[in-house]
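S.K.: Could you have a look at this structure, given as structure tokens, before my questions?
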Amino acid sequence: MAPKRPHEDVGGGSSKERKKQRITQARTIDTQPGQGFGVVANTSSGLPSAIDIEKFTEARSFEISAMQSARESVEGNATQRVWQTLPRSLRRRAASHDVRRVPVRLREKARTEMDTVKRKVLNKRLSKAGMSKAISKTQQYLNRQRDKTWLETHIWHAKRMHMKNLWGYRLAETPTEKSYRPSHRSSVHSSILHDASYFGTISISGNQPVLERLLNGCCDCQGSSPGAVRYSLGSRAQDTHLYKWRSYPFDLIAPITIIWKPFSIKNEDDLNLSNTEKTKVNNKKNVSKKGKEKEVLLSLPTDPSTKRTLWIRVHPSAWKEVWDTLKEASSYTVNEIRKEQEKDAEQNSTTIQEESIDLVDLRSSVNCFEIMGPRSSQVLKGVLSAIDQEEREIFHQFWSQLRDVQTPAAVPRGMVIGFKVNDPRLGFPPKNAKAAILKDNAMPSTSQPVVFSVAPSVSLAQSELWGEVERHGGPLRPRFRKKDLDDRRRQNLVPGTHLWPQKQDDRIPLLLMQRSICSQSSNTIPARSSPVDSMHIHGWSLFFPAHWSMAFFTSLTHTGTRVGGLRERRTQVFESGLPDFPFDYPCTIAYEQEAALSAQAEKEAWERKPPAKRVEWGSVDTRSPWRADWEVVLGFSSQLDPDPASVSDPDLLRTQREPERTQHGRMWLLRGVDVRELVHSIAHTLDPGSALLDELNRYRNKRSLASLALTGGVLLEGALVPVKLTICGCGAPNDLAAIYDIDPDEADKIRRLLSGKQAGDIYGDTDQKLSELTAENNRIIGYVTTGNYSLSRGQGLAIGTISLSRFITIVLKEKQHHVNSYPFLVKIKDRNSLNCRVATIQILSS
């Protein structure tokens, strides 16, 4: 029998088994052996000849009472409704009151659970007065977007994710799931989708020499120029940083992505290739030892009046500043060219040619999805249906190899592909393509992935998305609604099957770009993933016209691809060991704005707590708990100065520090592809400041910029450099943790402890000794901007920024002491603790 009390145990086993046993017992109806039922049997036929009603009811009283009690017991023990029995990934809030939201096999049972009294009355007609005042659903949505902008996939995200107002948009911050581990597994082993349409796109048009001068004056001087043949052909995209006009390395704004519009050609023969280059294009087996196709450099047209167009992709937090900077740089560039032409006309009697640069805001014209993970190629191959009229042979070669790409890391970095596809709703539901594995005849037990052998080319990058009409969404709005396509699908011989594309159906131009979250110095990546490569994430960026987001989004999510928000996108960058903009970019306006908002929110939350339940910052020796104090790190102010966050009058503090700021240099962040080699080279010179100044002037001279008019000591004094910190032991640091230098004698003791731990020392004893370390405030060298536990590495990881001069001091000390194991040790102290963790630091290159 069922237990008399709810808390009484009914047997052993797990809680799930005990719950199942209780429900089974509650649904069991007790019976009693028959003794006399008031039935008089007919001996001849065996059938009852007469029934005594009173005796029959009395004999069945036990069963009747047992049935009533069992019914009450079942109603009390049925704690789950039908929609609650579904997996969490299939649960919807609407399923609790709408039977159609429940799977077909459970709808009958769900109808019995619905309370007819509380059902929502559908299609309730309003009075004439109410109907005159009612507004449409579209107008309601527009009214809700007065102070922010919704993405086209907003409704889908709002039902499944936590939303937040950021950078003028209403964006999905994170799914309602409590853990981000499934999303991380999808980005490493499967595929994950993120709607990145909130990124700003700026179109710049003008003559190619004018655009090259414009970009050389604004972009990072390290690495290749934005006007290099590698990128200006339009076959590759470039990731770089944008600065104010001719201010490098000061006034960093944001990282950007530059995509050039390719030349309007049908094949490579229009660019007058040499015979050697044509052989490289046609030779499909031209693969290096590392499995990467050699780049084919094409000859650019010599006409300087060639009109070119390029796109600049930028984070929305810095869009306004980037737009203003490009406008200012365009004005300066045009004026300089006009002055040069006037001077040349006076000397050589030449004509003056008017130059112009056109800037267009494409934020409402071009949308973008980011599909990351090793299965992203198969997802795109299964969802996208390229049109049959495609005549480019190189595209057919790429399209046939896309399915067999084991990981997008095998594709050349930044490779751009343009093509047109049919309406993805015609082939709904899609099926993922399966990658083929070639069996080795010599060793049947082993297998190897198919080598990707398509090189970036101009003809492969051709796309109608660059056209004026297509970008502004004139005829490219969907001609048919989903209801119209469903009606066509219902008329098929087999209802629900895929539709064949017809002449009146839409053809959508796309632009596909390979995207890698890794350092640009590690762009040589083998096709087969290695343990080191597993910490980098690769995928694709899909660009398409506006008004088509939901058409592609529905098909992409139906393939099993997970959908991530801002937290998942930031986690991908963190797991790759790279800084994320704007959270890890000090000395930028976007970082200062985010830091101010975060400091205000944390301070208000701290003030709401009673004194006994909140951290007393003075007891843990934390001077600036809300924001990173970079002036103390650089030595512009001392630890005895008041906390900027605690001063009531900021103007008073600025006045007191004005003479001191004029005495020191400007604070700036050193970024670029050559940062790691640059720092280690100047650290071993007699005068690092002068060496740094010479290197930066050399970079500026490459872009035809004037040399910096300041001394090397002042330049080095205000320099910050991004670093990656790996924890030596257990635990993980938090954001705004302070980074401290270690005395050489203490560093030797720590290295002996870490070496003993590797030799077989008890893990807990070593970590206990390391956790008892303390720090001195006068040895602070930087702050952690993002800290957490790295799932890829299985240990604590942090992205931070430190003083360049203090790092050079660490390098010189270790060189003096001949350190071989565990180089560049530092201590990290969380702001709510007195104890420190030990970590190793590594300079980060962009």
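S.K.: For the condition in contact with a Phe, Trp or Tyr (Cβ under 9 Å, 6 or more places away or on another chain), closer than 30 Å to P175 by Cβ and modelled with pLDDT of 80 or more, what is the one hit in R91, R101? Explain how you work it out, then say what you get.
M.R.: Working: R91 fails: modelled with pLDDT of 80 or more.
Among R91, R101, only R101 is in contact with a Phe, Trp or Tyr (Cβ under 9 Å, 6 or more places away or on another chain), closer than 30 Å to P175 by Cβ and modelled with pLDDT of 80 or more.
S.K.: Give the residues of the range 504-538 that are at pLDDT below 80 and closer than 29 Å to L476 by Cβ, sorted by residue number.
M.R.: none
S.K.: Do the conditions hold for T138, that is, is it surrounded by 10 or more Cβ atoms within 10 Å (Cβ to Cβ), modelled with pLDDT of 75 or more and among the β-branched types (V, I, T)?
M.R.: On the way: surrounded by 10 or more Cβ atoms within 10 Å (Cβ to Cβ): no; modelled with pLDDT of 75 or more: yes; among the β-branched types (V, I, T): yes.
In short, no.
S.K.: Would you check which residues across the range 390-432 are surrounded by fewer than 17 Cβ atoms within 10 Å (Cβ to Cβ) and more than 28 Å from Y231 (Cα to Cα) and list them?
M.R.: P429, K431 - these are the residues of the range 390-432 that are surrounded by fewer than 17 Cβ atoms within 10 Å (Cβ to Cβ) and more than 28 Å from Y231 (Cα to Cα).
S.K.: A follow-up question, please. Within the range 346-362, is there a residue that is in contact with a Gly (Cβ under 6 Å, 6 or more places away or on another chain), at pLDDT 90 or above and not hydrophobic (A, V, I, L, M, F, W, C)? Steps first, please.
M.R.: If we filter the range 346-362 for residues that are in contact with a Gly (Cβ under 6 Å, 6 or more places away or on another chain), which is where we start, we get 357.
Retained after the next criterion (residues that are at pLDDT 90 or above): 357.
Next cut, not hydrophobic (A, V, I, L, M, F, W, C) only: none.
No, the range 346-362 contains no residue that is in contact with a Gly (Cβ under 6 Å, 6 or more places away or on another chain), at pLDDT 90 or above and not hydrophobic (A, V, I, L, M, F, W, C).
S.K.: Let me ask another. Could you pull out every one of the helices (runs of 4 or more DSSP H) wholly within the range 614-700 that has 1 or more residues that are at pLDDT below 55 and of a type outside the set (K, R)?
M.R.: On the way: elements: 630-634, 650-663, 675-683.
Counting at least 1 such residues, we get 650-663.
S.K.: Another question, then. Within the range 606-640, track down each residue that is farther than 30 Å from G665 by Cβ and of a type in the set (A, V, I, L, M).
M.R.: A612, V615, V620
S.K.: With the range 1-82 as the region, which helices (runs of 4 or more DSSP H) entirely inside it contain at least 2 residues that are at pLDDT below 65 and out of contact with any Lys or Arg (no Cβ under 6 Å at 6 or more places or on another chain)?
M.R.: Counting at least 2 such residues, we get 61-77.
S.K.: Looking at the structure I just gave you, is R425 among the charged types (D, E, K, R), farther than 23 Å from S235 by Cβ and at pLDDT 90 or above?
M.R.: For R425, the condition - among the charged types (D, E, K, R), farther than 23 Å from S235 by Cβ and at pLDDT 90 or above - is met.
S.K.: Since V458 meets every condition but one in (1) modelled with pLDDT under 90; (2) farther than 22 Å from S191 by Cβ, which condition does it not meet?
M.R.: The single condition V458 does not satisfy is (1).
S.K.: Now a separate question. Using beta carbons and a limit of 7 Å, which pairs, at least six apart or on different chains, have the first residue in the range 101-120 and exposed (fewer than 10 other Cβ atoms within 10 Å of the Cβ) and the second one assigned to a loop (DSSP other than H, G, I, E, B) and at pLDDT below 85?
M.R.: Matching pairs, first to second residue: K120/H97.
S.K.: Which of the residues spanning the range 805-846 are within 22 Å of D621 (Cβ to Cβ) and free of Cβ contacts under 8 Å to residues at least 12 places away in the same chain?
M.R.: Correct list: empty.
S.K.: Can you tell me how many residues within the range 201-225 are within 19 Å of G414 (Cα to Cα) and surrounded by fewer than 22 Cβ atoms within 10 Å (Cβ to Cβ)?
M.R.: Total satisfying the criteria: 5.
S.K.: Further, regarding this structure: Condition test on S707, is it at pLDDT below 95, in the same structural domain as I810 (by TED's automatic domain parsing), over 21 Å from C218 (Cβ atoms) and polar (S, T, N, Q)?
M.R.: When the stated conditions are applied, S707 does not pass them.
S.K.: Got a sec? Which of K343, K294, K307 is at pLDDT below 50 and surrounded by fewer than 16 Cβ atoms within 10 Å (Cβ to Cβ)?
M.R.: Checking each option against the conditions leaves just K294.
S.K.: Next question. Can you tell me which residue in the range 157-213 is nearest to Y591 (Cα to Cα), limited to those that are of a type in the set (A, V, I, L, M) and not in a strand (DSSP E or B)?
M.R.: First, pick out the residues of the range 157-213 that are of a type in the set (A, V, I, L, M): 158, 161, 163, 166, 171-172, 188, 192-193, 196, 202, 204, 210-211.
Okay, now just the ones that are also not in a strand (DSSP E or B), so 158, 188, 196, 210-211.
Working: A158: 27, V188: 28, A196: 20, V210: 31, L211: 28 Å.
In this case the residue turns out to be A196.
S.K.: So, P249, is that one modelled with pLDDT under 95, in contact with a Cys (Cβ under 6 Å, 6 or more places away or on another chain) and surrounded by 22 or more Cβ atoms within 10 Å (Cβ to Cβ) or not?
M.R.: no
S.K.: Another question, if that's okay. Would a scan of the range 226-236 turn up a residue that is assigned to a strand (DSSP E or B), at pLDDT 60 or above and within 18 Å of G414 (Cα to Cα)? Give the derivation first.
M.R.: The initial filter retains those residues of the range 226-236 that are assigned to a strand (DSSP E or B), namely 236.
Among the residues that remain, those that are also at pLDDT 60 or above are: 236.
Filter once more, keeping what is within 18 Å of G414 (Cα to Cα): 236.
Checking the range 226-236: at least one residue is assigned to a strand (DSSP E or B), at pLDDT 60 or above and within 18 Å of G414 (Cα to Cα).
S.K.: Here is a follow-up. Take the conditions touching a strand residue (DSSP E or B) at 6+ places or on another chain (Cβ under 8 Å), touching a residue at least 40 places away in the same chain (Cβ under 8 Å), part of a loop (DSSP other than H, G, I, E, B) and within 19 Å of S187 (Cα to Cα) and apply them to G577. Does it pass?
M.R.: yes
S.K.: Considering the range 104-120 alone, what residues qualify as being at pLDDT 75 or above and of a type in the set (A, V, I, L, M, F, W, C)?
M.R.: Let us first name the residues in the range 104-120 that are at pLDDT 75 or above, namely 104-113.
V104, L106, A110 - these are the residues of the range 104-120 that are at pLDDT 75 or above and of a type in the set (A, V, I, L, M, F, W, C).
S.K.: Hey, among P501, P449, which residue is surrounded by fewer than 21 Cβ atoms within 10 Å (Cβ to Cβ) and modelled with pLDDT of 90 or more?
M.R.: After ruling out the rest, the residue left standing is P501.
S.K.: Out of the residues in the range 367-389 that are among the β-branched types (V, I, T) and either assigned to a loop (DSSP other than H, G, I, E, B) or touching a Phe, Trp or Tyr at 6+ places or on another chain (Cβ under 6 Å) (or both), which is surrounded by the most Cβ atoms within 10 Å (Cβ to Cβ)?
M.R.: I371
S.K.: Next question. Name the residue that is surrounded by the fewest Cβ atoms within 10 Å (Cβ to Cβ), counting only residues in the range 550-574 that are outside any helix (DSSP H, G or I) and among the small types (G, A, S).
M.R.: G560
S.K.: Can you go through T766, T726 and tell me which one is among the polar types (S, T, N, Q) and modelled with pLDDT of 85 or more?
M.R.: Testing whether each residue is among the polar types (S, T, N, Q) and modelled with pLDDT of 85 or more leaves just T726.
S.K.: Of the residues that make up the range 169-192, is at least one touching a Pro at 6+ places or on another chain (Cβ under 7 Å) and under 25 Å from D324 (Cβ atoms)?
M.R.: Scanning the range 169-192, I find at least one residue that is touching a Pro at 6+ places or on another chain (Cβ under 7 Å) and under 25 Å from D324 (Cβ atoms), so the answer is yes.
The values are calculated or read from the model by the stated rules, or taken from the named source; none is laboratory data. Fair warning: this is a prediction, and the values are worked out from it, not measured in the lab. Counting neighbours? That spans all protein chains shown, and the Cβs are built from the backbone with ideal geometry, glycine included.
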